[in-house]
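What follows is one structure encoded as structure tokens, with my remarks underneath.
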Amino acid sequence: MAREVWITGIGLTSSLGEGLDAHWRAMAEVDQPQPVIDRVRAAPFAFHPMVPLDLDQQIPRKADQRQMEFWQRLGTYTAGLALADAGLVGDNEQLSQTHMVVAAGAGERDADADEGILTGISSAANPENFLNERLSSDLRPTLFLAQLPNLLAGNISIVHKVTGSSRTFLGEEISGVSAVEIVFRRIRAGQGDIFLVGGASVAGRKDMMLQRAIGGTLWAGEPVSVWARPERGGGTVLGSLGAFLVIESRDHAEARGRKPYARIGAVLSQQTRRRPGEAAAAAQRQFDEIAEVGGGGPPPVLSGATGMAQATAEEQGLLAALIDQGRISTVRGSANILGSGIEATFPALMGLGALALSRRGFFRPVDETGFEQPQSETPDRIVATTWGIWRGEGMGVVEAVD
Amino acid sequence: MSQSLQDHRGRPVVAVTGIGVVTSLGEGLDDNWDALTAGKSGIHRINRFPIEHLRTTIAGTIDFIPYAPKTAPALTLATGETATEEAIAMAGIGCPGDFPGQLFTAIPPVEMEWPRRRALFDAANPEIADTYGRMIDIACRTNDDYEYRSTLYGFVAECLAERFGTKGAPISLTTACASGATAIQLGVEAIRRGDSDAALCVGTDCSVTAEAVIRFSLLSALSGANDVPEQASKPFSKDRDGFVIAEGAAALVLESYDAARARGAKILATIRGIAEKADDFHRTRSKPDGSAVIGAIRNTIEDAGIEPDQIDYINAHGTGTPENDKMEAMSLEAVLGERVKQTPISSNKSMIGHTLTAAGAIEAAFSIQTIQTGRIPPTINYRMPDPTIELDVVPNEPRDENVSIVLSNSFGFGGQNACLVISAEPA
């Protein structure tokens with residue numbers, strides 16, 4: 001008999017605020033949720049900037065803060081929120097048994113050092129020698145560590161004392177799906193009792209935007225609903241996002257007297273080649289599998305649709321068909337309110353789903369196209385989908401625990 | 001119906017049925033093994049890029065695998081493909097392009113490289129003052145699909161998954177210099193869970209660029225013994241002064257023992273124990289008391305269901321940095337006690353350098369070959385013993401010995417400690 005898997009701690013940081021109350025207020029309680037958008041700093045590209053964080057609250061030692069750039073600080077901060085929410089802070093016995101899976105992107109480059117090299121290299125007598133000389137003198141040793149993807153997990157170990165084990169998954173959006181999926185599978189199979197899993201993404205970083213720009217994936221100009229973007233060429237609006245979850249077996253949670261936000265019913269991942277129809281067919285199979293898990297009314301869907309033309313059109317087509325068939329109630333595109341958070345998207349959606357179940361409600365639509373409809377029933381299950389900008393299709397379901 | 005083979009905890013036994021290896025010593029397991037047991041070094045002067053102004057001018061680069069364009073992701077992929085092809089052919093599993101299990105791939109962090117960055121900057125509108133803004137502006141109009149794809153972290157695994165037809169979404173991972181071992185651990189866990197009967201575990205890393213060398217240099221991690229490249233990597237020696245950065249790849253085909261037997265596959269070894277322990281002391285240094293490294297070793301031995309004195313040979317992490325080798329020796333002594341002095345231990349890195357993300361997978365492959373052949377590869381360049389490290393490092397010459405249980409260690413920046421216990425096929 002597979003073990004029950006519970007979400008018992010959620011850490012969330014975004015353009016809307018930090019913590020569960022701030023997100024519930026901004027996404028569910030206000031009449032008309034308003035995204036927070038920076039149109040200036042990365043113009044012509046808008047993005048959803050992180051709210052200011054009082055880093056001292058979660059990373060008390062300045063020496064630790066100095067060893068990181070913002071991406072690692074954001075992740076370490078958000079992981080701290082999740083651990084506090086799960087009642088683990090200071091419980092070094094538990095923390096030393098807690099396993100960690102982080103879905104990571106790259107840390108920051110030193111834009112000033114890069115600028116100095118790029119502006120000088122063309123006039124250098126020997127460009128390659130110039131590059132070696134300047135890199136040797138301009139790069140800071142600490143910046144290398146701030147760039148390494150696994151050093152987010154490393155900093156979480158140092159700052160928060162999570163030391164059961166530490167693994168870092170790579171691969172953009174699907175790495176966030178795989179991270180939660182592997183944790184789910186391991187707990188069900190008895191390969192560990194308690195895990196910290198999640199990721200962080202910083203929007204507006206120009207080194208990252210350059211990488212996205214060369215693939216033609218960025219939406220320029222005023223953001224519109226992801227559901228309106230496919231017919232206008234498609235594109236993503238990035239959003240700063242931190243999302244960490246404490247996930248544990250039911251037995252383990254009960255033994256330490258913790259209540260769950262929700263139970264994870266399933267997490268499924270796939271990676272198609274994205275030939276027309278493939279991603280939707282994969283997601284259809286995933287949904288059919290998930291629909292067999294647990295009953296209840298048609299669940300609402302939290303979709304991580306990025307606004308890329310083909311993928312978003314396909315996903316919307318599938319979701320519209322599922323609505324017509326009465327198999328799901330309605331949809332929320334998380335990118336409309338939070339932006340696209342890459343590795344952090346799926347952990348955030350599973351966390352938001354669990355939050356909504358625990359508050360016996362759902363989030364309000366943020367969509368001028370009318371595809372997103374109000375949710376009248378109190379959901380007892382919520383489905384999360386996350387398709388990568390480039391590749392990867394993931395789906396999960398969280399269920400209310402009575 | 002035949003009895004299924006389970007381990008001491010009632011889990012399916014995990015067998016290795018295929019191995020592929022590429023290092024600076026050459027392509028393929030046989031060539032590598034011949035060179036490794038002959039005590040040859042693959043370390044040489046860097047000729048991929050100019051070495052002016054570099055404190056370290058040597059490396060174990062892979063210079064014989066064709067690849068294009070000339071970027072780290074392209075070579076990392078090509079080398080990973082070569083190793084994977086060999087492993088799958090050896091295992092004789094599935095059909096071409098149809099591997100019956102999931103892919104777990106350890107990869108280095110990749111990013112846009114300097115030649116591309118320069119080309120964008122030079123072609124851009126000079127009236128845009130901000131350097132990155134200028135490159136973003138031209139990048140939007142360039143729409144270079146390959147550059148975009150190949151600098152995504154999912155690129156290498158995606159290409160391997162497509163080519164070899166692995167099932168489900170491939171997993172890309174990094175645990176710094178422990179990554180190769182972590183890839184194997186994920187595969188072992190998947191088979192133990194019964195997710196599938198097979199898993200493909202790959203570690204590949206060909207990321208030696210000028211910037212990478214400089215970055216590791218700035219952390220004082222690299223040997224500066226440039227004069228005789230073959231002699232620079234000297235793990236456990238008193239005069240060790242850092243690791244030698246290197247490239248390589250290894251692939252392992254894992255299967256449930258029962259499934260492998262049922263299809264008549266040759267079983268090379270079993271992965272008997274796996275475990276990790278994260279360190280919370282420092283970003284690049286281990287806890288002075290060694291408790292995290294000790295914890296990883298102890299947990300692995302416990303997971304394998306053996307006693308420490310059953311270990312016949314230790315394939316060391318053995319980077320050749322002053323700190324690592326001391327810490328590894330101390331931690332092994334804490335777990336194995338006095339017996340550690342009689343247990344042969346050697347560092348493949350003395351010959352192939354530190355292949356970073358690939359190291360754990362490559363060294364697992366060589367550990368299996370040690371069991372298969374009964375020959376322990378030496379630790380070369382061991383001319384000046386360190387009196388504080390009392391280990392039998394199999395100095396300079398290979399040794400023939402019956403080996404049925406190997407402990408393979410992998411440690412990395414960021415508090416990563418991952419170990420494997422690899423064992424001969426159960427009698």
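The values are calculated or read from the model by the stated rules, or taken from the named source; none is laboratory data. Note that the coordinates shown come from a computational prediction; the quantities given were computed from them, not determined experimentally. Note that we place each Cβ from the backbone using ideal geometry, even for glycine, and neighbour counts take in every protein chain shown. Keep in mind that these areas ignore ligands, DNA and RNA; they rest on the heavy atoms of the full protein, side chains included. Shrake-Rupley method; radii C 1.70, N 1.55, O 1.52, S 1.80 Å.
Got a number for residues in the stretch A:38-97 being β-branched (Val, Ile, Thr) and surrounded by fewer than 18 Cβ atoms within 10 Å (Cβ to Cβ)?
Quick first cut of the stretch A:38-97, residues β-branched (Val, Ile, Thr) only: A:40, A:51, A:59, A:76, A:78, A:89.
When the remaining residues are screened for being surrounded by fewer than 18 Cβ atoms within 10 Å (Cβ to Cβ), the result is A:40, A:51, A:89.
Count: 3.
Kindly check whether there is at least one residue in the stretch B:148-156 that is free of Cβ contacts under 8 Å to residues at least 24 places away in the same chain and among the hydroxyl-bearing types (Ser, Thr, Tyr).
Scanning the stretch B:148-156, I find at least one residue that is free of Cβ contacts under 8 Å to residues at least 24 places away in the same chain and among the hydroxyl-bearing types (Ser, Thr, Tyr), so the answer is yes.
Condition check ((1) at pLDDT below 95; (2) over 25 Å from A:Val202 (Cβ atoms)) across all residues:
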| position | (1), (2) |
| --- | --- |
| A:Lys62 | no, no |
| A:Gln72 | no, no |
| A:Ala84 | no, no |
| A:Gln97 | no, yes |
| A:Val101 | no, no |
| A:Ser122 | yes, yes |
| A:Leu131 | no, yes |
| A:Gln147 | yes, no |
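Within the stretch A:361-382, can one find any residue that is buried (at least 24 other Cβ atoms within 10 Å of the Cβ) and either within 13 Å of the chain's Cα centre (by Cα) or in a helix (DSSP H, G or I) (or both)?
No.
Does A:Arg109 fit the bill of being at the interface with chain B (Cβ under 8 Å from one of its Cβ atoms), in contact with a Leu (Cβ under 9 Å, 6 or more places away or on another chain), without any contact (Cβ under 8 Å) to a residue 40 or more places away in the chain and not aliphatic (A, V, I, L, M)?
So A:Arg109 does not fit the description; no.
Which one of these is farther than 22 Å from B:Ile43 by Cβ, charged (D, E, K, R) and away from chain A (no Cβ under 14 Å): B:Glu323, B:Glu397, B:Glu425?
B:Glu425
Across the stretch B:344-366, what is the total count of residues that are part of a helix (DSSP H, G or I) and surrounded by fewer than 24 Cβ atoms within 10 Å (Cβ to Cβ)?
Total meeting the criteria: 0.
Among the residues of the stretch B:171-188, how many are at the interface with chain A (Cβ under 8 Å from one of its Cβ atoms) and open to solvent by 10 Å² or more (accessible area, probe 1.4 Å)?
Number of matching residues: 1.
For the list (1) open to solvent by 10 Å² or more (accessible area, probe 1.4 Å); (2) among the small types (Gly, Ala, Ser); (3) more than 7 Å from chain B (Cβ to nearest Cβ), I need the number of the one condition that A:Gly215 fails.
Single failed check for A:Gly215: (3).
Can you list the helices (runs of 4 or more DSSP H) lying wholly within the stretch B:210-311 that have 1 or more residues being open to solvent by less than 60 Å² (accessible area, probe 1.4 Å), more than 14 Å from chain A (Cβ to nearest Cβ) and at negative phi?
B:257-262, B:291-304
Kindly evaluate B:Ser331 against the criterion of being farther than 19 Å from B:Gly180 by Cα and crowded, with 21+ Cβ neighbours inside 10 Å.
On the way: farther than 19 Å from B:Gly180 by Cα: yes; crowded, with 21+ Cβ neighbours inside 10 Å: yes.
In short, yes.
Does the stretch B:148-163 hold any residues that are assigned to a helix (DSSP H, G or I) and open to solvent by less than 20 Å² (accessible area, probe 1.4 Å), and which are they?
So in the stretch B:148-163, the residues assigned to a helix (DSSP H, G or I) come out as B:148-150, B:155-163.
Selection gives B:Tyr148, B:Ser150, B:Phe155, B:Val156, B:Ala157, B:Glu158, B:Leu160, B:Ala161.
So that you can scan it fast, the table gives a plain yes or no per residue for (1) among the basic types (Lys, Arg); (2) facing another protein chain (nearest Cβ under 7 Å):
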site: B:Asn125; (1), (2): no, no
site: B:Asp137; (1), (2): no, no
site: B:Arg141; (1), (2): yes, no
site: B:Tyr148; (1), (2): no, yes
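Any idea which residue in the stretch A:386-401 is surrounded by the most Cβ atoms within 10 Å (Cβ to Cβ), counting only those that are in a loop (DSSP other than H, G, I, E, B) and within 8 Å of chain B (Cβ to nearest Cβ)?
Selected residue: A:Gly388.
Counting only residues that are open to solvent by 30 Å² or more (accessible area, probe 1.4 Å), touching a Phe, Trp or Tyr at 6+ places or on another chain (Cβ under 9 Å) and part of a loop (DSSP other than H, G, I, E, B), how many does the stretch A:296-341 have?
So the count comes out to 3.
Which residue, of A:Gly171, A:Gly198, is surrounded by 24 or more Cβ atoms within 10 Å (Cβ to Cβ), under 26 Å from A:Asn155 (Cα atoms) and within 11 Å of chain B (Cβ to nearest Cβ)?
Matching residue, one of A:Gly171, A:Gly198: A:Gly171.
Among the helices (runs of 4 or more DSSP H) lying completely within the stretch A:72-162, list those that include at least 2 residues that are among the hydrophobic types (A, V, I, L, M, F, W, C).
Qualifying helices (runs of 4 or more DSSP H): A:111-121, A:127-138, A:141-147, A:151-160.
Could you grab me the full set of residues in the stretch A:122-161 that are open to solvent by less than 10 Å² (accessible area, probe 1.4 Å) and either more than 7 Å from every other protein chain (Cβ to nearest Cβ) or on the phi > 0 side of the Ramachandran plot (or both)?
Selection gives A:Leu143, A:Ala146, A:Leu152, A:Asn155, A:Ile156.
Can you find, within the stretch A:218-246, the residue that is most open to solvent (accessible area, probe 1.4 Å) among those that are aliphatic (A, V, I, L, M) and within 14 Å of chain B (Cβ to nearest Cβ)? I'd like the intermediate steps shown before the answer.
In the first step, residues of the stretch A:218-246 are kept if they are aliphatic (A, V, I, L, M); the result is A:218, A:220, A:224, A:226, A:228, A:237-238, A:241, A:243, A:245-246.
Still in the running and within 14 Å of chain B (Cβ to nearest Cβ): A:218, A:220, A:238.
Values: A:Leu218: 25, A:Ala220: 59, A:Leu238: 18 Å².
Ranking the qualifying residues of the stretch A:218-246, first place goes to A:Ala220.
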